[in-house]
Amino acid sequence: MSDELFLKIVNREIPADIVFQDDRVTAFRDINPQAPTHILIIPNKLIPSVNEVSEEDEAVLGHLLVVARNIARQEGIAESGYRLLINCGDHGGQEVYHLHMHLFGGRPLGRMIERV
Ligand code: 5GP
């Protein structure tokens, strides 16, 4: 999938259900939700994956967590609980190479990864 896809969402060049945006991050509902709440929180600047993260990115990456906390409250799932997930690379199951944090909630989410 194109690296530019999520940049187009940030710049509002393609439609998305944006639930929060500021000068550093954008959060929008996943097009193929895996849970009643499934939101992607991304830096506005393109960092392809965790492998490309640098020290300069520490502030924006910390901000992703603050925004995740706020959105969990907005969605009414802060008390019931939720999961934050960042996939990296092929074995991590990453499909879009613009670093993104998934926020899942609204139902019990089960084990973290499948037993093999
Ligand atoms: P990954 O597997 O890379 O961690 O997750 C990529 C996520 O992006 C998937 O859950 C997928 O459903 C979502 N996604 C892919 N294309 C679009 C899109 O055009 N719009 C939105 N809102 N989500 C997308």
Open item on the list: I'm trying to understand the selection: among the residues of the range 5-24, which are more than 9 Å from the ligand (Cβ to nearest atom), of a type in the set (A, V, I, L, M, F, W, C) and touching a His at 6+ places or on another chain (Cβ under 8 Å)?
Closed with: 7
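Just to be sure, is residue 27 without any contact (Cβ under 8 Å) to a residue 12 or more places away in the chain, surrounded by 12 or more Cβ atoms within 10 Å (Cβ to Cβ) and either within 16 Å of the ligand (Cβ to nearest atom) or closer than 12 Å to residue 103 by Cα (or both)? Step through it out loud before you land on a result.
On the way: without any contact (Cβ under 8 Å) to a residue 12 or more places away in the chain: no; surrounded by 12 or more Cβ atoms within 10 Å (Cβ to Cβ): yes; either within 16 Å of the ligand (Cβ to nearest atom) or closer than 12 Å to residue 103 by Cα (or both): yes.
So residue 27 does not fit the description; no.
State the number of residues belonging to the range 105-116 that are in contact with a Lys or Arg (Cβ under 9 Å, 6 or more places away or on another chain) and either loosely packed, with under 10 Cβ neighbours inside 10 Å or modelled with pLDDT under 90 (or both). Before the answer, list the steps.
To start, the set of residues in the range 105-116 that are in contact with a Lys or Arg (Cβ under 9 Å, 6 or more places away or on another chain) comprises 105, 109, 112.
Filter once more, so that each one left must be either loosely packed, with under 10 Cβ neighbours inside 10 Å or modelled with pLDDT under 90 (or both): 112.
So the answer is 1.
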Open item on the list: Give all pairs with beta carbons closer than 7 Å in which a residue from the range 77-90 that is closer than 16 Å to residue 47 by Cβ meets a residue that is loosely packed, with under 14 Cβ neighbours inside 10 Å; count only pairs at least 6 apart in sequence or on separate chains.
Closed with: 87/93; 88/51; 89/51
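Check the range 98-107 and report whether any residue there is assigned to a loop (DSSP other than H, G, I, E, B) and touching a Gly at 6+ places or on another chain (Cβ under 8 Å).
Looking only at the range 98-107, we keep the residues that are assigned to a loop (DSSP other than H, G, I, E, B), and these are 98-100, 106-107.
If we keep only those that are touching a Gly at 6+ places or on another chain (Cβ under 8 Å) too, we end up with none.
Scanning the range 98-107 turns up no residue that is assigned to a loop (DSSP other than H, G, I, E, B) and touching a Gly at 6+ places or on another chain (Cβ under 8 Å).
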Open item on the list: Please determine whether any residue of the range 64-84 is assigned to a loop (DSSP other than H, G, I, E, B), within 17 Å of residue 28 (Cβ to Cβ) and modelled with pLDDT of 95 or more.
Closed with: yes
- [ ] Name every residue in the range 75-104 that is among the polar types (S, T, N, Q) and surrounded by 14 or more Cβ atoms within 10 Å (Cβ to Cβ), in order of residue number.
- [x] 87, 94
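The values are calculated or read from the model by the stated rules, or taken from the named source; none is laboratory data. Because the structure is predicted, anything quoted here is derived from the model rather than measured. Ideal geometry is used to build each Cβ from the backbone, glycine not excepted, and the neighbour counts take in all protein chains shown.
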